[in-house]
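Please treat every number below as a calculation from the coordinates, not as lab data. Quick caveat, the model's predicted, so the values are computed rather than measured. All Cβ positions, even for glycine, are placed from backbone atoms using ideal geometry, and neighbour counts span all protein chains on display.
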Amino acid sequence: MQKRVIYFDHAATTYVKPEVLDAMLPYFTQEYGNASSVYSIGRSNRKAIEDARETVAKCIGAMPNEIYFTGSGTEADNWAIKGAALAHRNKGKHIITSSIEHPAVLAPCEFLQKQGYDITYIPVDQDGLVNPADVDKAIRPDTILVTIMMANNEIGTIQPIKEIAQVCKKHGVLFHTDAVQAAGNIPIDVKDLGVDLLSVSGHKFYGPKGTGALYIRKGVKIESLIHGGHQERNRRAGTENVPGIVGFAKALELATQNLDAHYEKLYKLRERALEGIFEKIPHVRLNGHREKRLPGNLNVSFSFVEGESILLMLDMKGIKASSGSACTSGSLDPSHILLAIGLPHELAHGSLRLTFGESNTEEEVDYLVDCLAEIIDKLRRMSPLYEDFIKGEC
Ligand code: PLP
């Protein structure tokens, strides 16, 4: 008998929705022509790409010619950051980011630092919020780009992107936001936000992996990173991943149409889990902002236990969760995000990220809470630190 799988790791990735897969399938087996070819199965692919571009543009309030398809959210972030750095290097070499960005932003910044760029990392408060006034203070005459994520992948905190964009606009500095975790979970309107560059990734909203897009506001200059053919209006070479592009657009369209119901459902599941955990388990802390957070994100730290042990024991009960972002798991270092919000190393090590999704149920959440209570109790009873703590209490 196949073991039941209860998936609470939607920030790591999501399954592909059947409607999305259905939209993609013909482009693998029937409509497989190259979009640059003139015959009919080429032209149908060109049309599919341009229709997808229009759909994506509509979903985020952009114009179709401001949307560029990429091979991932990571690629979109790299393009925005390195592309802006290269295009504006004659103006200056200073870039501002935050201390809680995803590696897809931090690593390109570190790369640029090695090339002689100067990077300022804005700290966040205990809830993981960036203060727009700190960005204002950090901007210098040689600042060329500010890149701050819309919503955090580990703690779910949503940043005041509109206010930060206004600060950047005031100084005439480009503003990029990594909206990979935000897209499909909260509304995105690039014009209302006032951003210049925005990255999204398909596999976070029930689309295929290896798909992404970068919004480049009309008139914004950034260099290309991938050179070759004339695809993506000469700005991103490589034969287009048509099934991926079609799936990406379909998934974003479905997510956008369903945003309110999705938000409400995930919010309710999150709150149910939060209440259950706090009711049944002592010595627990919520990480991230209480209200300004993604609806499906719950990040908690349990004192006296290791996150990895919790994950393994949850897995034995069929529950899939995360102790940090999927991309950095495998490393035993505590999360830079949890350290940046001021958690001591021990607490950062005892953290658990649960990210709820559309197929989750209240019954699954109740099962999770019961399992967690049992697991944390078991782990604490094996913990010398907890033993010392209890002795100290007596
Ligand atoms: N940015 C954030 C905030 C993410 O959470 C992720 C993936 O987890 C990425 C960027 C990278 O996106 P992709 O997996 O499409 O490369």
Open item on the list: Take LYS58 and LEU86, extend 7 Å from each Cα along the Cα→Cβ direction, and tell me the distance between the two endpoints in nm.
Closed with: 3.4
- [ ] On each of the three principal axes of the Cα atoms of the stretch 259-393, give max minus min coordinate, whole Å, ordered largest first.
- [x] 48, 30, 27
TODO: Please give the peptides 261-269, 381-389 ranked by average Cβ packing (other Cβ atoms within 10 Å per residue), highest first, as a rough proxy for protection.
DONE: 261-269, 381-389
- [ ] Would you mind checking which residues have amide H under 5 Å from ILE6's amide H? H placed 1.01 Å from N; only 5 or more apart, or other chain.
- [x] ILE319, LYS320
- [ ] Per DSSP H run of n ≥ 4, the term is -39500 (n - 2.57); total these for the chain, divide by its residue number, and report the mean residue ellipticity at 222 nm rounded to 500 deg cm²/dmol.
- [x] -13000 deg cm²/dmol
Task: Rounded to 5, the percent of DSSP beta bridges in the chain classed as antiparallel - done: 50
Task: Angstrom value of the Kirkwood radius, inverse mean 1/r, which spans all Cα pairs in the chain - done: 22.0
Task: Convex hull volume per residue for the stretch 174-254, taking Cα atoms only, in Å³ - done: 100
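Tally Lys/Arg at +1 and Asp/Glu at -1 over every other residue whose Cβ is under 14 Å from the Cβ of ILE376; what's the total?
Details: positive: LYS280, ARG285, LYS317, LYS378, ARG380, ARG381; negative: GLU279, GLU306, GLU308, ASP370, GLU374, ASP377.
With Lys, Arg at +1 and Asp, Glu at -1, the net is 0.
Can you tell me how much longer the chain between HIS171 and ASP118 gets when fully stretched, taken as 0.36 nm per residue apart minus their C-alpha distance, in nm with one decimal?
Working: separation 53, 0.36 × 53 = 19.08 nm, distance 1.79 nm.
The span from HIS171 to ASP118 would gain 17.3 nm if fully extended.
Given a Förster distance of 35 angstrom, what is the FRET efficiency for LEU259 paired with ALA133, based on the Cβ-Cβ distance and rounded to 0.05? Before the final figure, lay out the partial values.
Numbers: r = 30 Å, r/R0 = 0.87.
E between LEU259 and ALA133, to the nearest 0.05, is 0.70.
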Task: Those lysines that a straight Cα-Cα span of less than 26 Å connects to LYS391, excepting residues fewer than 8 apart in one chain - done: LYS280, LYS378
TODO: Place the peptides 367-373, 173-179, 301-307 in order of packing, highest mean first, counting for every residue the other Cβ atoms within 10 Å and averaging per peptide.
DONE: 173-179, 301-307, 367-373
Task: Over 27 Å (Cα to Cα) - which of LYS114/LYS221; LYS93/LYS250; LYS93/LYS221; LYS265/LYS292; LYS82/LYS250 fall in this group - done: LYS93/LYS250; LYS82/LYS250
- [ ] Give me the percent of Cα-Cα pairs in the stretch 220-285 that sit more than 18 Å apart, rounded to a whole number.
- [x] 66
